1. How high is the relative contact order of the stretch 105-190, in percent, counting Cα pairs under 8 Å that sit 6 or more residues apart?
2. Just to be sure I understand the model, the point goes 7 Å from the Cα along the line to the Cβ. What's the resulting Thr72 to Ala55 distance in nm?
3. Using every Cα-Cα pair within the stretch 62-201, state what percent have a distance larger than 23 Å.
4. Round to a whole angstrom and tell me the spacing of the C-alpha centers of the stretch 38-88 and the stretch 157-227.
5. Pulled fully out, how much extra length does the chain show between Lys29 and Arg117, if you take 0.36 nm times their separation in residues and subtract their Cα-Cα distance?
6. How big is D, in µm² s⁻¹, for the stretch 140-242 by Stokes-Einstein at 10 °C and 1.306 mPa s if Rh is the Kirkwood radius over C-alpha pairs?
7. With an 8 Å cut-off on Cα pairs and a minimum separation of 6 or more residues, tell me the relative contact order of the chain in percent.
8. What shape does the stretch 1-136 take by its C-alpha gyration tensor, where a ≥ b ≥ c are the square roots of the eigenvalues and a/c under 1.5 counts as rounded, a/b above b/c as prolate, and the rest as oblate?
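Nothing in this text is a laboratory measurement; each read-out follows from the coordinates by a stated rule. Keep in mind the model is a prediction, meaning the values are calculated, not measured. Cβ: placed from backbone, ideal geometry, glycine included. Neighbour counts: every protein chain shown.
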Amino acid sequence: MSSTESPLEGLRIPAHIAIIMDGNGRWAKQRGLPRMAGHRAGTENIRAIVKECDALGVRYLTIYAFSTENWTRPSLEVQGLMQILGDFIDRETRNLHEQHVKLQHLGRLEGLSVRLRRKVQHAIDLTHQNTGITLAVAFNYGGRADIVDAVRDLMAQGVGPDQIDERMISDHLYTREMPDPDIVIRTSGERRISNFMIWQAAYSEYWFTPVLWPDFQPEHIHQAIRDYGRRERRFGGLPEQS
């Protein structure tokens with residue numbers, strides 16, 4: 001393979017990859033470290049995965065960073081996760097902007113501090129005209145909350161129940177500017193979706209790996225894409241008869 005040839009040359013590259021980043025706490029426990037050390041290591045890992053997906057031609061990468069259910073975790077851990085998000089924005093936004101990455105937030109801003117909301121909005125505003133990969137950060141996100149907010153938005157607009165269809169709901173979800181994910185990856189060996197993109201991923205392919213998120217490398221993205229490329233996506237239909 002030449003130095004310029006893609007490691008996945010000739011394979012179908014998914015337009016949108018969504019990742020449930022799981023296993024930070026277990027990664028830290030295995031090393032005798034506090035849980036927050038695992039979360040920080042997981043955050044550091046995002047940079048390499050974004051770079052690799054962009055190089056491969058993936059157009060959208062969504063990462064599940066903090067769910068609506070994560071508020072029930074110990075208050076010190078929640079505060080630490082908020083701090084990590086703020087630090088990530090401060091440290092990475094300029095670099096991502098220079099790499100033409102477009103940042104997007106999925107989820108509710110309610111519950112976040114005013115200072116953190118301003119940071120999120122600044123990152124979105126700074127990068128909104130970029131034409132590289134879109135990095136969507138699902139933070140304070142829940143799939144059910146996503147659908148509830150879409151329906152509330154439609155009702156607030158005075159849309160009648162007989163007018164509502166699937167396309168209309170899709171157009172009011174947090175992901176309305178993005179295609180549905182082609183493949184959802186979950187790390188750490190868990191095999192559930194944990195309230196993540198339950199509408200958008202109705203026909204997504206799923207790929208599970210026992211690798212903990214801080215250890216997840218570009219080679220694992222390659223494995224997932226190779227597996228994805230071998231699958232026949234029917235979307236509820238049957239393959240064409242020859």
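1. 34
2. 4.1
3. Working: 4008 of 9730 pairs.
Tail fraction, whole percent: 41.
4. If you average the Cα positions of each part, the centres end up 16 Å apart.
5. Here the segment from Lys29 to Arg117 would lengthen by 28.6 nm.
6. Value of D from the Cα-based Kirkwood radius: 99 µm²/s.
7. Details: 350 pairs, mean separation 69.1, N = 242.
Rounded, it is 29 percent for the chain.
8. On the way: a/c = 2.14, a/b = 1.37, b/c = 1.56.
Oblate, since a/c reaches 1.5 and b/c is not below a/b.
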